[in-house]
1. How many angstrom lie between the Cα centre of region 752-768 and the Cα centre of region 59-127?
2. Rank by packing, highest mean first: peptides 537-543, 400-406, 119-125, with packing defined as the count of other Cβ atoms within 10 Å averaged across residues.
3. When you count, for each residue, the other Cβ atoms within 10 Å and take the mean per peptide, how do 409-415, 363-369 rank with the highest first?
4. Around R106, with a cut-off of 14 angstrom between Cβ atoms, what is the net charge of the other residues, counting Lys and Arg +1 and Asp and Glu -1?
5. Please say if region 720-762 is rounded, prolate or oblate, where rounded means a/c under 1.5 for a ≥ b ≥ c the square roots of the C-alpha gyration tensor eigenvalues, and otherwise the choice is prolate for a/b larger than b/c and oblate otherwise?
6. Using a Förster distance of 25 Å, how high is the FRET efficiency between A471 and L791, based on the Cβ-Cβ distance and rounded to 0.05?
7. What net charge is computed for the residues neighbouring Q82, neighbours being all others with C-beta under 13 Å from the C-beta of Q82, Lys and Arg scored +1, Asp and Glu -1?
8. Using a/c under 1.5 as the rounded threshold, could you call region 694-798 rounded, prolate or oblate? The axes a ≥ b ≥ c are square roots of the C-alpha gyration tensor eigenvalues, and prolate needs a/b larger than b/c, oblate otherwise.
Amino acid sequence: MTSRTVPERTAAPAPRRPPRSSRLRPERLPTDLVRVALGLLVVYAGVLIAQQGRLPLVERDLFRLFNDLPAAVLPAVWLVMQLGNVLAVPALALLALLRRRLRLARDLLVSGLAAYLAADLVKTLVGRERPAGLPVGAVLHEGTVGGAGFVSGHSAVAAALATAAAPYLTRRGRRVAWALAWSVALARVYVGAHLPLDVVGGVALGWAIGSLVHWVAGVPAREVPPARVEDLLRRFGLPVSGVVPASVRARSSQPFEAVDADGRQLYVKYLEPDRHERDRLHRLWRVFAVGDVKDADALAPLGYQAEHEAVAALTVERRGVRVPSVLLARGGSGDAVVVQEHVDGRPLDALDPAELTPGLLREVWTQVARMHGACVAHRDLVASSVLVDRTGRPWLVDFGNARTGATDDETAVDVAELLSSLAAAPELAGSDPAVLVTTATDVLGDEAVAAALPSLTPLALSSETRRRSRAEPSRLDAVRAAVHARLGLPDPERPVFPPAGPVARVLVAVGCAVALAGPAVAAGVGATLDSVGPEGWRWLGGAVLLAAAAALARATAVRHAADRQVSVGRALVVTLVARDVGLLRGRDGERRARARLLERAGLLSAAAHAATVRTALAGLVGAAVVTVAALLLAAVDGVSPDWQSPAAALPAAAAGLAAWLMVGTGQLLARRPAADPAPPVPPGPPVPWRQRMAVLGWAGAAVALEAAVLAGAVQAAGGGVPVLAVAGVSAALRLVRTAVPVADVPGMPEAVLVLLLGVLGMPVAAACAAVVVTRSLTTWLPAAVGLAVDLRAHPAVGRTLP
């Protein structure tokens, strides 16, 4: 990542200061999109609650708690409340403009106005009463306020302004900004203008809009004055001169160069106190999407982080790794620095392809092997973290993310990162991926390189490597292919199935359409739609959330079945794409697709098939456990459904059976001999009981959540059926569908569910509505998402998956 100087006693010329724009390049963070999603989710939940038409007792008590405060605090409250007034938006933007903070002014203006308009739109759509129109005994400190209540416009504007300003403020400044935003929200409750749910929804809406603006426009990097770094080093006992920003790109620190009293040129890392690795939401996103966090110590005090980096560098230096000597590692109140001797060299990705010889690569991998031999994982081993000095010797630098006492999985990520970074570097476009892999296996061994396969995917890599891989994605594919070829592993891109004929595809497509719409048409589309009343939309929102939770639970089961070698996010993609494949290829095709997708994620072929088998068995046992538990609870609770004749549901069931015949015929036509038969699964080491219980637990949770989806859909369609009876029916049907593959062919679940709900006493139109909602959320929508993901990831879809 940097270039530094080999220790010499002669002073080096001061480096040229890089252009200001290169050091303050805005950065788009994926966690801003996560914030947008979370904020909108809170708003949606608030909409569902607000549309009930009833005021929850908790909300009423909270309202009285603030609204009953004495009138003496009104002047102070009124003053703070003006920060949520729409007129505060141009005022604050103008103030930022006068201080020459152009980006801050832009973000404040766009976020504030967008929040104001969005809040008005939500008010129009929801139409919730203000406290003055509800029996809450409101004290109207400002008189009667007209208009709808949900969401609070003042709260939305204040939260949007605080979110927009956050990247430009210090940590203390951000706390003050958010304290003011919440003060505005509570002030609206105090004056009797809004209920607590209104202001919570407003804050969430403003947070989402401000985060969206940051994602679109980017978040600027912070600039640290060189004088501040010079004073800090002098305070720590290292007087230096000529401190200037280093001409390097750094992601989690501010790099500087300086000269000490003896004339040595130094490299100074000023640890950024507000870098995004310290964001807890960022860390949660990394765990979900990839399964790890790059900087494990990012939440620790800055002084500890500096000392940890020094310890890691000194540890590997003692084991013969060529690293710059650490001269100082100290932290103060909100500041920390790591000072090393400067290495005069070029990063690997700055070399010409002709200079990246096999001999140099072997020496690089030798340094990596020594580092791993000391049980230290670099965790940011991009090509720019390896410098080549004037004599051609490689140096490893930048141990800010290093992990001492590292596991084999963590060291494997280093191998994947360096291979991917070298392959993705545009300066090394002429280098051969086979040479990169061959030199790695010659030094590290086949097992170490094979262990890196799960991390040879974009999300597992650093942001810099991902950015470069997007420009030339085929380079990363070439590295994976080279690893498989070098180790004699089957190509994960090899065909799974022979092409399905057009007749099979048409039959399956028409059959799926009939399975989705046929029961509703048979029962009457108008009657089916009318069965979901205004109160039912709240239950539909809950069903959507439960379906999402079920998908995550199933993905987590796949992750544990794969011995946690894939992340939850990657496992979710596996389950969604396999669900889509199963519509055409049946249960066996879904299983093969899941195994192949796990193989593409980096698992070896036998391990991928073993994980698929474990997931299927866990699903079967989990369905049985949930079925028995639901029936026992129903018996204990004395549930007694109002049994009815299913005669009225027979036409809808017949539509489902017709769909089943069409889809089943299409799957039979598509079921030719597999292009790649499943390998026999070797016995292998016994699976730890904790892993077995984790797979079983998450698989059972997925079944239970799917049963809850059906229960929510039944309530949305008018209810009338005991919840435990519905849960038992859903779990029992899942058990049969898992044990008997033909029962899982689209059309059959629809027919059976309509009949069973009719037997339990549900009107046929309401039963069809519940079935359409349930199957859409648990089958059709996941399959559609899986198809979209698969088409985007693999355009030549006919070679591998249907």
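Each reported figure results from applying straightforward, stated rules to the coordinates on display, with no laboratory input. Note that this is a predicted model, so its numbers are computed, not measured. All Cβ positions, glycine included, derive from the backbone under ideal geometry; neighbour counts span all protein chains shown.
1. Distance between centres, Cα-based: 50 Å.
2. In descending order of packing, they fall as 400-406, 537-543, 119-125.
3. Answer by packing, highest mean first, reads 409-415, 363-369.
4. So the surrounding residues net to +3.
5. Taking the square roots of the gyration eigenvalues as a ≥ b ≥ c, region 720-762 is oblate.
6. Details: r = 21 Å, r/R0 = 0.85.
Once the sixth-power term is evaluated, E becomes 0.75.
7. Working: positive: R188; negative: E142.
So the surrounding residues net to 0.
8. prolate
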